[in-house]
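Enquirer: What follows is a single structure, and I will ask about it in a moment.
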Amino acid sequence: MKFQKPLKQIDFPKMEEEVLKVWKIDRIFERSVSEKSANDQWSFYDGPPFATGLPHHGHLLAGTIKDVIPRFWTMRGKQVSRRFGWDCHGLPVEFEIEKELNLKGRQDILNYGVGRFNDACRGIVLRYANEWRDTVERMGRWIDFDHDYKTMDPAFMESVWFIFKSLWDKGLIYEDKKVLPYSTPVASPLSNFEANLNYQNIQDPSIYIKFKVKNRDNTFLLVWTTTPWTLPANLGIAANPKFTYLEIRAKETGDIFILEEKLAGKIFKNLEKSDGHKILKRYEGRLLQGLHYEQLIPAFLGQLPKNVHQVFLADYVTDDAGTGLVHLAPAFGEDDYRIGKEHELPPLDHLDEQGHFTGDAAIALGYYFKDADKEIIAYLKSKGLLFRHETLQHSYPFCYRSDTPLIYRAISTWFVDVSKIKEKLIQNNQTINWVPRHLKDGRFGKWLEGARDWAISRNRFWGNPIPIWRDEESGESLCVGSIEELEKLTGKKIEDLHKQYLDPLTIVSPKTGKTLKRVPHVLDCWFESGSMPYAQQHYPFSINDEAFLKIFPADFIAEGLDQTRGWFYTLLVISTALGKGAPFKNVVVNGIVLAEDGRKMSKRHKNYPEPREVLDEFGADTLRIYLLQSGAVHGEDLRFSKEG
């Protein structure tokens with residue numbers, strides 16, 4: 001090619017636009033697939049994004065990696081189908097509609113009407129689909145938008161039901177009450193891996209409280225907490241039976257305090273000095289068992305069993321912070337719930353679905369749980385029960401959707417029994433080639449070793465309904481695995497599987513004749529993402545095993561580092577639970593693209609250049625090369641810079 005003008009005057013973006021026109025007119029991408037032999041396929045899966053927002057530079061980095069490797073294998077003679085997908089259900093869509101309709105929480109949605117609400121959600125699911133396609137194609141990425149998959153399509157949803165039923169039949173689905181991360185704006189639990197997606201450094205009150213020992217003048221159990229709002233639900237105090245505890249008379253007041261020996265010196269200065277505080281007694285923690293104390297805050301009047309407000313023994317109590325005595329609120333902590341279950345302490349909960357105080361704890365009636373901290377502290381101070389008030393800065397989990405602090409709350413939820421397949425998960429991971437390599441046994445491998453049962457139900461609306469019908473009195477349950485099966489059981493024609501169409505349907509039990517109603521929950525949208533290898537093909541309804549195994553497992557997938565606890569994990573859990581081994585052979589994990597100042601890219605702060613602006617100024621090839629030569633391809637974070 002002979003240039004007619006100096007190289008520096010060439011308009012690269014304009015040249016790229018001309019190339020794109022040729023590709024489109026001559027259907028170059030489509031031919032690169034159709035003209036290859038279907039008997040020599042190389043499989044690629046694309047993880048589905050939400051189209052409720054616009055693509056950012058992180059999407060473009062992953063998209064470029066997803067483009068380069070399939071192109072290489074196409075040039076090696078392979079047929080490489082590349083199908084775009086859309087994540088259609090879940091909280092991002094619901095939040096958008098709540099804002100648009102000025103709905104504030106679950107009850108407002110119920111008043112508005114679930115059907116109307118879901119119809120509104122459907123209407124905005126692909127709000128920015130055209131902008132996505134325009135940007136992705138402008139980047140030069142070859143991907144099939146014309147035959148995309150959508151998680152809200154009946155065919156996709158039916159395959160998800162098939163997978164759910166398969167796990168149900170294997171005994172891997174169960175319902176239980178457990179303490180889980182809970183988002184108050186969402187009014188629903190999250191899974192443990194979702195709780196790890198958004199930790200923030202915050203300041204919380206750090207208070208030492210005086211629990212008055214019954215029938216002993218001026219004697220108190222000294223307890224430390226950073227969650228004052230949980231104190232109305234206090235039903236016990238935990239002590240470690242192996243620790244040594246002291247009774248100390250405070251010099252100034254003459255009050256007697258019980259606390260752990262190692263920690264006492266940090267709280268009471270000048271201990272055992274002639275003019276200081278006095279140690280009156282020293283004994284093993286086991287001797288504290290059954291010591292009763294007075295209720296700290298009036299709450300749950302008439303609901304308390306007889307065995308509450310006493311000391312229980314627990315080995316998990318540590319001596320690295322606090323006082324060696326731990327406040328127990330069985331409704332708001334995993335260890336608390338476990339100890340409560342052992343001693344028949346009910347998980348009494350004084351918050352409504354949105355996290356506001358109810359009449360069970362009238363001291364802060366109507367207050368949001370975090371705002372109630374000040375009311376609780378003021379009450380304790382007025383009663384002379386606040387020993388010390390400090391501030392603690394620490395890392396705390398926030399809801400990755402609503403950006404509000406999570407609470408750990410006892411709630412009834414449906415689970416995948418990951419513990420039953422954990423060893424197989426670890427084995428299957430060893431068959432995968434990870435790039436960077438250290439993730440296999442590092443970040444991802446360690447996550448698998450500590451994997452917990454997966455909470456898959458959401459108390460929400462716009463999602464794939466859990467296909468279980470049951471009789472609440474007897475507990476008899478029936479799981480449905482296909483549209484055809486549901487039509488036979490109900491005698492109704494089924495064209496849409498969303499909540500508003502299924503909730504009115506009842507099933508007469510073939511076994512007992514009882515009337516079964518659907519459980520009200522919808523599935524976690526991560527369950528759908530993890531099901532995409534099967535559901536994008538409408539497996540097993542529109543494709544048989546022989547055809548499916550030609551494209552399973554994927555030869556290659558790629559996403560960002562955050563997906564080690566998201567899509568990569570859910571793909572592996574579902575394929576392992578189905579007995580199909582690892583769902584992908586090779587995975588490239590890119591780092592996170594940050595703003596130039598090192599912060600998260602934010603439209604609100606306008607701390608990064610818009611992708612289209614960069615493409616118009618520098619061209620897609622320049623951006624692609626910039627991204628691919630960076631450390632982000634090797635899992636490192638990249639501070640995006642126009643100068644770079």
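Enquirer: Kindly indicate whether any position in region 534-548 is touching a residue at least 40 places away in the same chain (Cβ under 8 Å) and open to solvent by less than 10 Å² (accessible area, probe 1.4 Å).
Expert: Checked region 534-548: at least one residue is touching a residue at least 40 places away in the same chain (Cβ under 8 Å) and open to solvent by less than 10 Å² (accessible area, probe 1.4 Å).
Enquirer: Can you list the strands (runs of 3 or more DSSP E) lying wholly within region 197-247 that have 2 or more residues being among the hydroxyl-bearing types (Ser, Thr, Tyr) and more than 19 Å from residue 367 (Cβ to Cβ)?
Expert: The qualifying strands (runs of 3 or more DSSP E) are 199-212.
Matching residues to (1) at pLDDT 95 or above; (2) buried (at least 18 other Cβ atoms within 10 Å of the Cβ); (3) basic (Lys, Arg); (4) part of a loop (DSSP other than H, G, I, E, B):
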{"residue": "451", "(1), (2), (3), (4)": "no, yes, no, yes"}
{"residue": "469", "(1), (2), (3), (4)": "yes, yes, no, no"}
{"residue": "473", "(1), (2), (3), (4)": "no, no, no, yes"}
{"residue": "484", "(1), (2), (3), (4)": "yes, no, no, no"}
{"residue": "487", "(1), (2), (3), (4)": "yes, no, no, no"}
{"residue": "497", "(1), (2), (3), (4)": "yes, yes, no, yes"}
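Enquirer: Return a yes/no flag: does region 550-565 have any residue that is among the aromatic types (Phe, Trp, Tyr), in contact with an Asp or Glu (Cβ under 8 Å, 6 or more places away or on another chain), over 19 Å from residue 90 (Cα atoms) and open to solvent by 10 Å² or more (accessible area, probe 1.4 Å).
Expert: no
Enquirer: Go through region 615-644 and count every residue that is surrounded by 15 or more Cβ atoms within 10 Å (Cβ to Cβ), of a type in the set (Lys, Arg) and out of contact with any Ser or Thr (no Cβ under 7 Å at 6 or more places or on another chain).
Expert: Going through region 615-644 one residue at a time, the tally reaches 1.
Enquirer: Test each condition in (1) surrounded by fewer than 19 Cβ atoms within 10 Å (Cβ to Cβ); (2) more than 30 Å from residue 18 (Cα to Cα) for residue 612 and report the one that comes out false.
Expert: Against the list (1) surrounded by fewer than 19 Cβ atoms within 10 Å (Cβ to Cβ); (2) more than 30 Å from residue 18 (Cα to Cα), residue 612 comes up short only on (2).
Enquirer: Shifting gears a bit: Looking for whichever is open to solvent by 40 Å² or more (accessible area, probe 1.4 Å), in contact (Cβ under 8 Å) with a residue 40 or more places away in the chain, part of a helix (DSSP H, G or I) and charged (D, E, K, R) here; the options are 71, 31. Which one fits?
Expert: 71
Enquirer: Okay, moving on. Could you pull out every one of the strands (runs of 3 or more DSSP E) wholly within region 331-445 that has 3 or more residues that are open to solvent by 30 Å² or more (accessible area, probe 1.4 Å), at pLDDT below 95 and hydroxyl-bearing (Ser, Thr, Tyr)?
Expert: 386-397
Enquirer: Right, something else. Considering only residues that are assigned to a helix (DSSP H, G or I), more than 30 Å from residue 415 (Cα to Cα) and in contact (Cβ under 8 Å) with a residue 12 or more places away in the chain, which ones fall in region 125-169?
Expert: 129, 131, 132, 133, 135, 136, 137, 138
Enquirer: Looking at (1) open to solvent by 20 Å² or more (accessible area, probe 1.4 Å); (2) of a type in the set (A, V, I, L, M); (3) more than 30 Å from residue 68 (Cβ to Cβ), can you tell me which one residue 124 breaks?
Expert: Result: residue 124 passes all but (1).
Enquirer: Have a look at 598, 491 and point out the one that is without any contact (Cβ under 8 Å) to a residue 12 or more places away in the chain and either among the hydroxyl-bearing types (Ser, Thr, Tyr) or farther than 30 Å from residue 189 by Cβ (or both).
Expert: Selected residue: 491, the only one of 598, 491 that is without any contact (Cβ under 8 Å) to a residue 12 or more places away in the chain and either among the hydroxyl-bearing types (Ser, Thr, Tyr) or farther than 30 Å from residue 189 by Cβ (or both).
Enquirer: When the residues of region 218-240 are narrowed to those that are open to solvent by 30 Å² or more (accessible area, probe 1.4 Å) and within 22 Å of residue 284 (Cα to Cα), which ends up farthest from the chain's Cα centre (by Cα)?
Expert: If we take residues in region 218-240 being open to solvent by 30 Å² or more (accessible area, probe 1.4 Å) and within 22 Å of residue 284 (Cα to Cα), then 218 is farthest from the chain's Cα centre (by Cα).
Enquirer: Here is a further query. In region 241-263, how many are touching an Asp or Glu at 6+ places or on another chain (Cβ under 6 Å) and open to solvent by 10 Å² or more (accessible area, probe 1.4 Å)?
Expert: 4
Enquirer: Another question, then. Scan region 224-266 for residues that are among the β-branched types (Val, Ile, Thr) and within 29 Å of residue 303 (Cβ to Cβ) and jot them down.
Expert: 225, 226, 227, 230, 237, 258
The values are calculated or read from the model by the stated rules, or taken from the named source; none is laboratory data. Note that the coordinates shown come from a computational prediction; the quantities given were computed from them, not determined experimentally. Here the Cβ is made from the backbone with ideal geometry for all residues, glycine too, and neighbour counts use every protein chain on show. Just the protein is used for accessible areas: all its heavy atoms, side chains included, with ligands, DNA and RNA removed. Shrake-Rupley method; radii C 1.70, N 1.55, O 1.52, S 1.80 Å.
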